[in-house]
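The values are calculated or read from the model by the stated rules, or taken from the named source; none is laboratory data. All values reported here derive from a predicted model rather than from experimental measurement. With ideal geometry, Cβ positions are generated from the backbone for all residues, glycine too; neighbour counts draw on all protein chains shown. When the accessible area is computed, the model is the full protein with side chains, heavy atoms only, and any ligands, DNA or RNA have been set aside. Shrake-Rupley method; radii C 1.70, N 1.55, O 1.52, S 1.80 Å.
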Amino acid sequence: GVVKHNGEIDEWEQAFRQCDRDAVIQYSSLVLDSSEYDEDLPEEFRVAYSPESTELILEYVLPTIEVVPSVKEYSYVRAKDEIREKARPRSEVTTIYRTLIASLTLRTIGELLRATPPEIVASVTFNLGFAYPA
C-alpha cells in the first residue's frame, strides 16, 4: 500500500544521498526523461556514475544535420498558382546546427548539475554520439 510505497521512496532517496550508483543513475535518467524537446530531436542516452569521483558520465545521441530545415522560405506565386521554395545556404545550415548542438549540450549538463547536489555529482562527462537518418 501507500506506506510500503513511501518506504521504498525513502530507501531510494537514502541510497541516492549515499551516492549509490544505481540510485544516482536512475535519478539522472528521470531528470533527462522529464526534459521536453521538439519531437524531431532524438532523446537517446546512457548514463553511468562513478561514486568515487562523483562523476556522471553521459553518452548522448545527437540529431544529424538533417534536423535543420533545408528550405529557408516558401513563397506563393499567384500567376502560376504554385509554391516556390528558397533553399537555405549550406553555411547557414551549418551555423544553425552547431548552435543547436552547443545549446543541447549546455542545457543537458546544466539540467543534471542543477538537479543533483554537488556532493553527489561534482562533474558531468558528456560523450556525443550521432543518430543516423532513417
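Within the set 106, 58, the sole residue that is open to solvent by less than 40 Å² (accessible area, probe 1.4 Å), of a type in the set (A, V, I, L, M, F, W, C) and within 23 Å of the chain's Cα centre (by Cα) turns out to be 58.
Checking each residue in region 37-51 for being among the aliphatic types (A, V, I, L, M), touching a strand residue (DSSP E or B) at 6+ places or on another chain (Cβ under 6 Å) and under 17 Å from residue 104 (Cα atoms) picks out only 47. Of the residues 77, 93, 68, the single one that is hydrophobic (A, V, I, L, M, F, W, C), free of Cβ contacts under 8 Å to residues at least 24 places away in the same chain, open to solvent by less than 40 Å² (accessible area, probe 1.4 Å) and more than 19 Å from residue 25 (Cα to Cα) is 77. Do the conditions hold for residue 108, that is, is it at pLDDT 95 or above and of a type outside the set (Asp, Glu)? No: the conditions fail for residue 108. Taken over region 1-36, the criterion of being open to solvent by less than 90 Å² (accessible area, probe 1.4 Å), without any contact (Cβ under 8 Å) to a residue 60 or more places away in the chain and within 30 Å of residue 104 (Cα to Cα) is satisfied by 12, 13, 15, 20, 23, 25, 29, 34. Just one of the numbered conditions (1) under 30 Å from residue 123 (Cβ atoms); (2) touching a Leu at 6+ places or on another chain (Cβ under 9 Å) is not true of residue 68: (1).
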